[in-house]
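This report concerns only the one structure given below.
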Amino acid sequence: MEKYMDEALSAIERAEDLTDRLSVQEMAEQLKYDAPAVERLGISAYNWWSEGLHGVARAGTATMFPQAIGMAAMFDEEAVRKAGEVTSTEARAKYNEYSAHDDRDIYKGLTLWSPNINIFRDPRWGRGQETYGEDPFLTARLGVAYTKGLQGDGKVLRVAACAKHFAVHSGPEATRHEFDAKANMKDMTETYIAAFEALVKEAKVESVMGAYNRVNGEPACANTFLMNKLEEWGFDGHFVSDCWAIRDFHTNHGVTKTAPESAALALKKGCDLNCGNTYLHLLAAYGEKLITDEDLRKSCVKLMRTRIRLGMFDKSTEYDGLDYDIVSCDEHKKFALECSERSMVLLKNNGILPLDGSKYKTIGVIGPNADSVPALEGNYNGKADEYVTFLSGIREAFEGRVIYSEGCHLYKDRCMGLALPDDRLAEAEIIAEHSDIVVLCVGLDATIEGEEGDTGNEFSSGDKNDLRLPESQRKLVKTVMAKGKPVIIVTAAGSAINVEADCDALIHAWYPGQFGGRALANILFGKTSPSGKLPVTFYEDASKLPDFSDYSMKNRTYRYAEGNILYPFGFGLTYSETECSELSYADGKASVKITNTGSRAVEDVVQFYIKGHSENAVPNHSLCGFKRVALDAGESKVVQITLPERAFMAVNEKGEWVKEGSEFTLYAGTSQPDSLSTKLTGKQCTSLKINS
């Protein structure tokens with residue numbers, strides 16, 4: 001038996017043996033994302049590019065969960081881990097069948113380039129929907145959970161996860177190919193790379209993807225500081241470039257002059273795999289003596305090690321028997337619905353919700369996202385075998401009459417090309433006039449909010465110019481509100497939106513997945529209590545934010561914000577009242593009692609925040625723990641968490657975690673301890689002074 005086929009040997013021993021059987025040309029060819037077969041060694045062709053952000057993406061039918069930002073709004077590590085498990089199980093089942101049919105196309109492999117753990121530092125960034133929000137602690141906890149769910153804990157990896165985009169990457173999309181993100185060492189350590197460290201150290205993430213931009217002068221895919229950090233953390237996987245990012249070295253960043261020089265720079269700095277075509281020039285770089293045999297071998301060994309860890313050279317794996325019937329099965333879809341329900345955030349309710357269906361004869365459902373499948377999907381999505389839009393979900397749940405108008409185009413001034421502007425506005429007025437109550441479904445979708453190159457409009461290459469609805473929708477909201485009927489506004493978006501309307505209730509639904517409409521209806525009619533919390537700050541006015549290209553954390557996110565807040569990070573209402581009391585801390589553990597003082601069973605999220613009082617502590621406070629809790633009416637539970645060691649540390653100007661100061665304030669509640677959260681919820685967090 002050849003050593004690389006010997007399952008008794010370590011993955012690195014097998015990978016080295018396999019790589020040493022390859023020629024220079026064969027090694028170079030294996031460093032491309034679309035690696036060819038080497039038949040004499042039993043190496044199948046393999047396309048490394050697959051996606052699984054919130055379900056298997058771009059590979060046909062799969063269970064589709066809420067977009068990542070919606071999953072973050074659940075504040076639920078276990079649910080996110082399980083979503084990763086469902087995603088990777090379906091990916092394995094699909095891979096087994098595709099391989100049996102010799103289909104080794106893009107998006108059909110086992111290396112899922114997820115999760116995106118960049119920090120959503122600016123609400124205008126179109127790709128923020130792919131992240132777990134603005135807080136590095138929440139991002140780390142959910143990123144670790146999803147990665148563990150994806151990779152599993154078996155003898156071989158169920159799939160290989162990827163922490164992306166390393167690092168300091170959160171817009172602007174329009175200039176990302178030439179942009180130099182400048183971050184000081186404090187912000188770098190405290191905010192931008194904290195989650196990456198957690199995924200490497202705790203989750204043993206198999207790959208890390210670089211970003212398009214430069215970071216403090218050097219390209220992210222060939223960055224000395226970032227590569228040194230991975231080594232410092234003990235990273236034991238492979239590094240992949242973002243797609244065509246290495247080409248930017250010579251075409252946009254100007255750090256090299258030719259494609260062979262770019263390929264050589266990336267390879268020697270530690271980029272093992274190229275998503276793109278610049279590594280087609282590796283042999284030219286080799287001929288110019290810009291790289292050596294050992295440079296090629298080092299990266300090839302890492303890639304072969306990943307393939308071995310995935311069981312690709314084993315006689316069999318524990319996942320070979322996964323039946324295709326598991327893909328989009330009833331159990332998975334039921335869980336997707338539960339996640340959709342938990343992700344939606346009730347931002348306002350004057351008492352109109354939950355609706356008593358017997359009180360209304362006719363519900364008007366209006367808006368461009370009312371019957372929209374893209375409003376359920378977000379980006380980096382798969383295709384579900386079943387969708388329930390907001391309109392169809394309300395029709396399912398309501399016994400009376402449901403009438404509908406699109407109201408307006410998502411962002412254009414008319415729905416029909418030959419019509420005059422505002423061609424659906426009169427219909428929206430008519431529907432409102434004939435309704436007892438209106439559910440107004442507005443927001444965005446991935447055609448106008450997302451990644452540069454994927455969006456198709458004037459909205460800054462996928463980024464937002466401001467926090468307002470598109471003009472067509474602002475007209476619609478104003479028109480419908482003027483009718484004087486009770487109005488519930490539902491926004492589908494992957495980011496903060498200011499609807500600029502004094503509606504009766506406001507629900508932020510994110511991009512809620514295939515059953516978003518059923519989840520919404522369950523919440524509207526009280527079958528389920530809303531329980532999502534904002535993983536990002538909703539600001540009032542984008543013009544008061546720092547410049548989009550400024551990567552300083554000053555006046556950014558809830559930890560540094562100085563005002564201009566519409567709805568705070570961590571905020572979200574339920575249909576009952578919960579109170580936290582009896583906060584205590586001892587031996588590294590915090591404990592608090594939460595009581596449902598209302599008359600309805602609910603789920604709520606206990607949040608722990610800590611405030612340091614030293615020189616380098618963040619100006620406000622930081623999330624340091626959270627736990628989702630289910631409570632019957634009148635029920636109490638005690639929630640205990642272990643506070644991380646870094647809760648009692650600060651990052652100095654050198655970017656070092658240091659123990660600084662001995663006085664801390666610990667808070668516990670179902671929101672932040674800020675004054676606006678107190679005003680919106682009508683209750684204060686309980687607090688405790690700690691001397692460490």
Can you give the net charge of the other residues whose Cβ lies under 12 Å from the Cβ of residue 404, counting K and R as +1 and D and E as -1? 0
Can you tell me, using C-alpha contacts under 8 Å and at least 6 residues apart, the relative contact order of the chain as a whole percent? 15
Excluding same-chain residues fewer than 8 positions from residue 554, which lysines have a Cα within less than 19 Å of its Cα? 182, 186, 544, 611, 654
Take every Cα-Cα pair in the stretch 47-184 and report what % of them are more than 24 Å apart. 32
Find the all-direction average of the projected area of the Cα convex hull for the stretch 1-107, expressing the result in square nanometres with one decimal place. 8.7
For residue 361, go through the lysines and keep the ones whose alpha-carbon is under 28 Å away, minus same-chain ones fewer than eight residues off. 348, 475, 478, 483, 485, 527
Net charge near residue 414 (other residues with Cβ under 14 Å of its Cβ; Lys, Arg +1; Asp, Glu -1) is -3
Reach of residue 315 by Cα under 24 Å, taken over lysines that are not fewer than 8 positions away in the same chain: 3, 94, 108, 155, 302
The stretch 172-247 and the stretch 403-456 have their Cα centres apart by a whole-number Å value of 39
Please report the carbon-and-sulfur percent of the accessible area for the chain; probe 1.4 Å, protein heavy atoms only, DNA, RNA and ligands left out. 46
Against the longest alpha carbon principal axis of the chain, how many degrees, from 0 to 90 and to the nearest 10, is the axis of helix 77-100 turned? 50
Quick one: net charge of residue 550's neighbours, Cβ under 10 Å, K/R +1, D/E -1? +2
With a Cα-only, solvent-free Debye model of the stretch 503-653, what are the log10 I(q)/I(0) values at q = 0.08, 0.09, 0.15, 0.16 Å⁻¹? -0.30, -0.39, -0.99, -1.08
Just to compare against my own numbers: the Cα pair-distance distribution for the chain, 10 Å bins, whole % per bin, please. 3, 15, 25, 25, 18, 10, 3, 0
For the stretch 572-652 the translational diffusion coefficient, Stokes-Einstein from a Kirkwood Rh over Cα pairs at 37 °C and viscosity 0.692 mPa s, in µm²/s, is roughly 236
I'd like the distance between the alpha-carbon centres of the stretch 249-305 and the stretch 645-692, rounded to an integer number of Å. 45
For the cross-link pairs 268/289; 229/289; 164/533; 593/683, which exceed 19 Å when the distance is taken from alpha carbon to alpha carbon? 229/289; 164/533
When the distances between all Cα atoms of the stretch 230-342 are binned every 10 Å from zero, what whole-number percent does each bin get? 12, 30, 22, 20, 14, 3
Difference of contour (0.36 nm per residue) and Cα-Cα distance, residue 659 to residue 316: 118.5 nm
The chain - mean residue ellipticity at 222 nm from DSSP helices (-39,500 (n - 2.57) per run, n ≥ 4, rounded to 500): -7500 deg cm²/dmol
Given R₀ = 41 Å, FRET efficiency for residue 550-residue 24 by Cβ-Cβ distance, to 0.05? 0.35
I'd like the antiparallel share, as a percent to the nearest 5, of DSSP beta bridges with both residues in the chain. 60
Rounded to the nearest 0.05, what FRET efficiency do residue 232 and residue 595 give with R0 = 51 Å and r taken as the Cβ-Cβ distance? Could you check? 0.70
Taking the mean number of other Cβ atoms within 10 Å as a proxy for protection, how do you rank 373-379, 311-317 from highest to lowest? 373-379, 311-317
For the stretch 529-608, how big is Rg over Rh, using alpha carbon atoms and the Kirkwood form of Rh? 1.09
Give me the accessible area per residue for the stretch 43-88, probe 1.4 Å, as a whole number in Å². 17
Please report the Cα spread of the stretch 90-249 along all three principal axes, rounded to whole Å, starting with the longest. 49, 31, 30
Once each part is reduced to its C-alpha centroid, what is the distance from the stretch 98-128 to the stretch 25-57 in angstrom? 15
Just the number please: accessible area per residue for the stretch 118-209, 1.4 Å probe, all protein chains included, in Å². 20
Label points 7 Å out from Cα along the Cβ direction at residue 352 and residue 280: separation in nm? 5.7
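The values are calculated or read from the model by the stated rules, or taken from the named source; none is laboratory data. Just so it is clear, the structure is predicted and the values come from calculations on it, not from any experiment. Note: ideal-geometry Cβ built from the backbone for every residue, glycine included; neighbour counts use all protein chains shown. Only protein heavy atoms, including side chains, enter the accessible area calculation; ligands, DNA and RNA are left aside. Shrake-Rupley method; radii C 1.70, N 1.55, O 1.52, S 1.80 Å.
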